[in-house]
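The values are calculated or read from the model by the stated rules, or taken from the named source; none is laboratory data. What you see is a predicted model, and the numbers here were worked out from it, not measured in a lab. Don't worry about glycine lacking a Cβ; one is built from the backbone with ideal geometry, like all the others, and counts go over all protein chains shown.
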Amino acid sequence: MRQRRSYLVLVIAFLGACGKHETPTAVSSPVPVPTATPTAAPTPSLPGASSCARLPIQTKDIGNCPVEGANFQKQVDAAVAQVRAQQPEIFADAGPNTLVLSSGRLLVGVIENLDKMGLCAGFDSEEIQVTNDPSFNDQYHLITSRGYLRTGESTYRATCHPAAFPTPRPPFNPTSPGCRLPSSLDITCGPENAVYDADVESALDQVIRQHPEAFDNPQAHAPHVNEGFLNIYHQWFIDAMVQKGYCGWWDSEEVQIKKENRFSEHYKIFLSDGHVRRVDGGAYRSTCWPAAF
């Protein structure tokens, strides 16, 4: 009798279980996450780019540059005269001579003016190069070793066969994250009157104030940077300059900063003995035209 009752219980339990039909839970489709559209990097704009883009890149060393007579003397003279009219503040009278106060602004201005005339122009660290034909280019020396402006026929130096430029451009240097300016390459660098020095001093004050643990005596004007903090010290400085609206990067020797691509200023904010180098201690080193990064 017990066996029969147990059997009935099992049958009823089984039938009860079979009578239950659970509605399957619908699986919701994942909501697609919108993909952010990458921001295109700003396109670099370099002096002389328009006219030079029409010529082939020269990849071989040029050894044949005789003195033959200038092909572009009138255009070069006109380009220099235009810069003198456009930027009179970068020149100063020095007796019978004219002193160039900013070689970078002069050279960039001449290259840009020649570009507007349809001539490809560049600077090889010593002379202006001018051409409109890959078979040759002229070389012109515009500034004397004492910084005076050279004009007229004395500026012509040689004619190279074939043209010694345009040559492949070096890679662009990096910059601080979020910099909205396109990359740039300098034509020439040299000491001038610093423009950003006040902000550099303010940024150094900020770094020392906000990170006292990195310095032996944070109350000192130029404290010693503690061991192990050299790299982050430079990064803190760049961060402080970025907060002021600058772009910057450290090339392991000098910090380069810019607010526009016309020029960049370069500062060495660390002395070889381990101390902070302030502006009044010679931190400013040079100005590059256009910006070096």
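State which residue is farthest from residue 154 (Cα to Cα) when the search covers only segment 64-92 and only residues that are modelled with pLDDT of 95 or more and more than 33 Å from the chain's Cα centre (by Cα).
66
Inside segment 250-265, can you point out the residues that are surrounded by fewer than 22 Cβ atoms within 10 Å (Cβ to Cβ) and under 20 Å from residue 233 (Cβ atoms)?
250, 251, 252, 253, 254
Given the residues 127, 112, which is the only one that is in contact with a His (Cβ under 7 Å, 6 or more places away or on another chain), in contact (Cβ under 8 Å) with a residue 24 or more places away in the chain and surrounded by 14 or more Cβ atoms within 10 Å (Cβ to Cβ)?
127 is the lone residue from the list that is in contact with a His (Cβ under 7 Å, 6 or more places away or on another chain), in contact (Cβ under 8 Å) with a residue 24 or more places away in the chain and surrounded by 14 or more Cβ atoms within 10 Å (Cβ to Cβ).
From the list 135, 154, 145, exactly one residue is more than 28 Å from residue 191 (Cα to Cα) and without any contact (Cβ under 8 Å) to a residue 40 or more places away in the chain. Which is it?
Going through 135, 154, 145 in turn, the sole match is 135.
Can you tell me which residue among 159, 151, 155 is closer than 14 Å to residue 74 by Cα and surrounded by 17 or more Cβ atoms within 10 Å (Cβ to Cβ)?
The conditions single out 155.
Considering segment 59-83 alone, what residues qualify as being crowded, with 16+ Cβ neighbours inside 10 Å and farther than 21 Å from residue 134 by Cα?
Answer for segment 59-83, where residues must be crowded, with 16+ Cβ neighbours inside 10 Å and farther than 21 Å from residue 134 by Cα: 77, 79, 80, 82, 83.
Taking segment 50-98, which residues are part of a strand (DSSP E or B) and free of Cβ contacts under 8 Å to residues at least 12 places away in the same chain?
Answer for segment 50-98, where residues must be part of a strand (DSSP E or B) and free of Cβ contacts under 8 Å to residues at least 12 places away in the same chain: 92, 93.
Filter segment 240-261 down to residues that are in contact with a Gly (Cβ under 9 Å, 6 or more places away or on another chain) and either of a type in the set (Asp, Glu) or part of a loop (DSSP other than H, G, I, E, B) (or both), then give me how many there are.
The qualifying residues number 1.
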